[in-house]
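Heads up: the structure comes next, in structure tokens.
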Amino acid sequence: MNNADEFDDFLKNSFKKINYNIADEGFTEKVVSNLPSGRIFTINRNFILCLSGTLAVLIFVISSGYKAIFASVADIFANGFHAITLSLNSFFVIAVFIGVFFIISRIEHNENTI
Amino acid sequence: MNFSDQRLITLVLINNDHKAYGELVFRYQSDVRGLLIKLTNGNKALADDLAQDVFIRAYKYLKTFKATAGFSTWLYRISYNVFIDYTRSLKKTDSIEGYDCISDDRKDVGSEIDMQNALKILNANEKIVIVLHYDKGYSHNEIAKMMDMPLGTVKTNILRAKEKLKKYYDDEQR
């Protein structure tokens, strides 16, 4: 056995010596009385994703976004990629997606940092 | 209540059953408070406040608990996060006041003071990995998963902490 092993054993034994069962002494009662009342509402990531997808598609359809796509495709064939310009409709759709991805990443972050 | 942890968790999630959650708190309060006492240099009052935060945070996030790991493992992870949040909230000049718990029916009061003094010289990350490895018996891999740290970082922290502790005990013996 080398010095490192001996020190490992020493640490384990030292912790063992100071381990003891801590009596509850009203701790549980205190925690339970401080629990938030009512149901904890947490938003499901998938729900947000579906909602954002539906919202984006709706905006796209309502604002005649498909016309922008057809126009862009036609532009590609007629003038090449450099001629593509984003319409206001496309900006709406992109903004909704970016916004929702920020929300999802925030939820992801919160779930990982319990 | 003689239910398994999983059954109690289900009761809390479905019925919002505070009594079932109380049973879980009762089962794990000693482990969580014990861990936090070590992390807070033996400051029982502070450890209890943090432990209360741990259980309330666990209650709020109970839905995200995955039964692949034990409930205590999950609680240790939350304890680590709560402790790290607390140390970040301290001003640079503040430090955690030491032991106020060394009085009653403890196994070995001298050893406890000595260990708490030794742990004081470690930073938060070194302290948690040392306690989880040598006290709670978790492997390097398990700690890495639990703390969401790279395995290399866990090994480095343990090595560095051991060197510091060894130096501390060597100096004490002189």
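Nothing in this text is a laboratory measurement; each read-out follows from the coordinates by a stated rule. This is a predicted model, so every value here is computed, not measured.
Values computed for the structure shown
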quantity: Shape box of the stretch B:1-70 [Cα atoms, principal axes, largest first, Å]; calculated: 38, 23, 18
quantity: Cross-link pairs A:LYS17/B:LYS66; A:LYS17/B:LYS155; A:LYS16/B:LYS66; A:LYS17/B:LYS44; A:LYS16/B:LYS60 - those with Cα-Cα distance over 22 Å; calculated: A:LYS17/B:LYS66; A:LYS17/B:LYS155; A:LYS16/B:LYS66; A:LYS16/B:LYS60
quantity: Stokes-Einstein diffusion coefficient of chain B, Kirkwood radius over Cα pairs, 25 °C, 0.890 mPa s, in µm²/s; calculated: 142 µm²/s
